[in-house]
Amino acid sequence: LLVLGEHDEL
Amino acid sequence: MNVFRLTGDLSHLAAIIILLLKIWKTRSCAGISGKSQILFAVVFTSRYLDLLTSFISLYNTSMKVIYIGCAYATLYFVYMKFKATYDGNHDTFRVEFLLVPVGGLSFLVNHDFSPLEILWTFSIYLESVAILPQLFMISKTGEAETITTHYLFFLGLYRALYLFNWIWRFYFEGFFDMIAIVAGLVQTILYCDFFYLYITKVLKGKKLSLPA
């Protein structure tokens, strides 16, 4: 998780 | 971004395009499980709601839009435009047996108990079993069109490549997401039987037919 609740993968 | 993730995404995109082209060119969705396509549309819809809340990159946003667009276009083909060719008699997998456990598990095992995160977790768990109705349908009909096997090959390959992406990211970035990794392993393992048939039969020019 980059930022809580953010996923950078598709 | 690394080569495994990029080729994984391109493999996924290839699968989605191959399916759309197959239905469009043959004007038929014979052998295609509409239920799996519904599950994939649910996976993309519940996973990509963050399109509305966060911007990661042009690549990320455009691929999400393409995936969602193609998923719903496929549903339109299967259940409306080419509805007459949909083989509902063989597409009989009970998807509620997938949705209930996956829904329950996403509430129990997640990274954060927030709506977006639970929906993301739900989409990850659902994607790992979303192909089951399609594999079940092939086992019932005992065969699959060659173009459909190519669709399944690239669809299975994409998550297998993602497994290498996660190894890469763990080694180089110290990043790992246990939920995505375990679900990705399950997803890829479900394809093993198909991969074996694909490599030993389809790549040798034979038709994929299961001992019915």
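The values are calculated or read from the model by the stated rules, or taken from the named source; none is laboratory data. Small disclaimer: the values here were computed from a predicted structure and weren't measured. Cβ atoms come from the backbone with ideal geometry, glycine included; neighbour counts cover every protein chain shown.
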Count of region B:194-212 residues which are closer than 18 Å to residue B:132 by Cα and at pLDDT 95 or above
5
I need a count of the residues in region B:102-143 that are assigned to a loop (DSSP other than H, G, I, E, B) and either within 14 Å of chain A (Cβ to nearest Cβ) or not β-branched (Val, Ile, Thr) (or both).
7
Go through (1) within 14 Å of chain A (Cβ to nearest Cβ); (2) at pLDDT 95 or above for residue B:174 and report which single condition fails.
(2)
Any chance residue B:118 is in contact with a helix residue (DSSP H, G or I) (Cβ under 6 Å, 6 or more places away or on another chain) and surrounded by fewer than 20 Cβ atoms within 10 Å (Cβ to Cβ)
yes
Please enumerate the residues belonging to region B:48-64 that are in contact with a helix residue (DSSP H, G or I) (Cβ under 7 Å, 6 or more places away or on another chain), within 13 Å of residue A:10 (Cβ to Cβ) and within 11 Å of chain A (Cβ to nearest Cβ).
B:48, B:50, B:61, B:63, B:64
Exactly one of B:135, B:105 is surrounded by 15 or more Cβ atoms within 10 Å (Cβ to Cβ) and over 24 Å from residue B:9 (Cα atoms), and that one is B:105
Quick one: what pairs do we get from region B:86-108, first residue of a type outside the set (Val, Ile, Thr), second part of a loop (DSSP other than H, G, I, E, B), C-beta under 7 Å, 6+ apart or different chains?
B:86/B:29; B:87/B:30; B:87/B:31; B:91/B:33
From the list B:154, B:93, B:113, which residue is of a type outside the set (A, V, I, L, M) and farther than 28 Å from residue B:211 by Cα?
B:113
In this structure, is residue B:84 loosely packed, with under 15 Cβ neighbours inside 10 Å, assigned to a helix (DSSP H, G or I) and small (Gly, Ala, Ser)?
yes
Just need a number here: residues in region B:1-53 that are within 20 Å of residue B:99 (Cβ to Cβ), surrounded by fewer than 20 Cβ atoms within 10 Å (Cβ to Cβ) and of a type in the set (S, T, N, Q).
2
In this structure, does residue B:164 turn out to be within 14 Å of chain A (Cβ to nearest Cβ), touching a residue at least 40 places away in the same chain (Cβ under 8 Å), in a helix (DSSP H, G or I) and surrounded by fewer than 18 Cβ atoms within 10 Å (Cβ to Cβ)?
yes
Which residues, taken from region B:1-39, are farther than 13 Å from residue B:86 by Cα, away from chain A (no Cβ under 14 Å) and of a type in the set (Val, Ile, Thr)?
B:3, B:17, B:18, B:38
Restricting attention to region B:17-45, the residues that are assigned to a helix (DSSP H, G or I), free of Cβ contacts under 8 Å to residues at least 60 places away in the same chain and touching a Phe, Trp or Tyr at 6+ places or on another chain (Cβ under 8 Å) number exactly 5
